[in-house]
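The values are calculated or read from the model by the stated rules, or taken from the named source; none is laboratory data. Quick caveat, the model's predicted, so the values are computed rather than measured. Glycine gets a Cβ as well: all are built from the backbone with ideal geometry, and neighbour counts include every protein chain shown. The area values use the complete protein model at the heavy-atom level, side chains included, leaving out ligands, DNA and RNA. Shrake-Rupley method; radii C 1.70, N 1.55, O 1.52, S 1.80 Å.
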Amino acid sequence: MLEDKFYHQLLKCFNQQKRWINQQTNQIDVLPGQSKFLLCLKEYGPLSPKELGNHCCIDKSTTTMEKMNYIEKKTQNQDKRSIQIHLTKRGYEKALQVEKISNESEQLFLSTLSKEDQVKIIQLLKQINLFMEGELNNGNTK
């Protein structure tokens, strides 16, 4: 039965949390998908477009975020081919708001679990992700 499948339950949780976060971030003028970029740049600092895509697990244009003055692209060491993406002051402020919304989301979605189960589910998901990253990097995609 579909309801008993891991991937189905994981996808449902992901979509419900994503929907909730998008409803909240829409109120602060952050478009769907931008939350990850803002949080990633806040956490890691300036990144190349490729690094940003890898950390966010997506490959998406940042043009809209530039127009909204959340990020700026800067060349590195006079090499115009080497670009890093930086948060602007406005982008950092938005990242703080998104971080608050993400934390509220996590508290809400995990509130039905004990603290021990919360830690355990995160550990289990990390274990699965590490395994799958290794499988995909080794070309084992069957």
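By its C-alpha gyration tensor, with a ≥ b ≥ c as the square roots of the eigenvalues, how is segment 63-142 shaped: rounded for a/c under 1.5, else prolate for a/b larger than b/c, else oblate?
oblate
Using mean projected area of the Cα convex hull in nm² as the read-out, say which of (1) 11.1; (2) 10.3; (3) 8.4 was calculated from these coordinates.
(1)
Ordering 135, 43 by how much accessible area each has at a 1.4 Å probe, largest first, what is the list?
If we order 135, 43 from most to least accessible, we get 43, 135.
Take the cross-link list 12/100; 50/74; 67/89; 18/67 and give me the ones stretching past 18 Å between alpha-carbons. Walk me through the numbers before you get to the answer.
On the way: 12/100 23 Å; 50/74 14 Å; 67/89 14 Å; 18/67 24 Å.
Where the Cα-Cα span goes over 18 Å, the pairs concerned are 12/100; 18/67.
Can you give the angle from 0 to 90° between the axis of helix 34-44 and the longest principal axis of the chain, with both taken from C-alpha atoms, to the nearest 10?
It works out to around 80 degrees.
Calculated FRET efficiency, residue 48 and residue 100, Cβ-Cβ r, R0 30 Å, to nearest 0.05?
0.65
For the chain, which whole percent of the accessible surface, found with a 1.4 angstrom probe, sits on carbon and sulfur atoms? Numbers along the way, then the final one.
Values: 5480 of 10570 Å².
Here it works out to 52 percent.
What figure in square angstrom, to the nearest 10, would you give for the accessible area of residue 66 with a 1.4 Å probe?
The value for residue 66 is about 70 Å².
Quick one: ranking 108, 39 by accessible area, 1.4 Å probe, largest first, what do you get?
Ranked from most to least accessible, the order is 108, 39.
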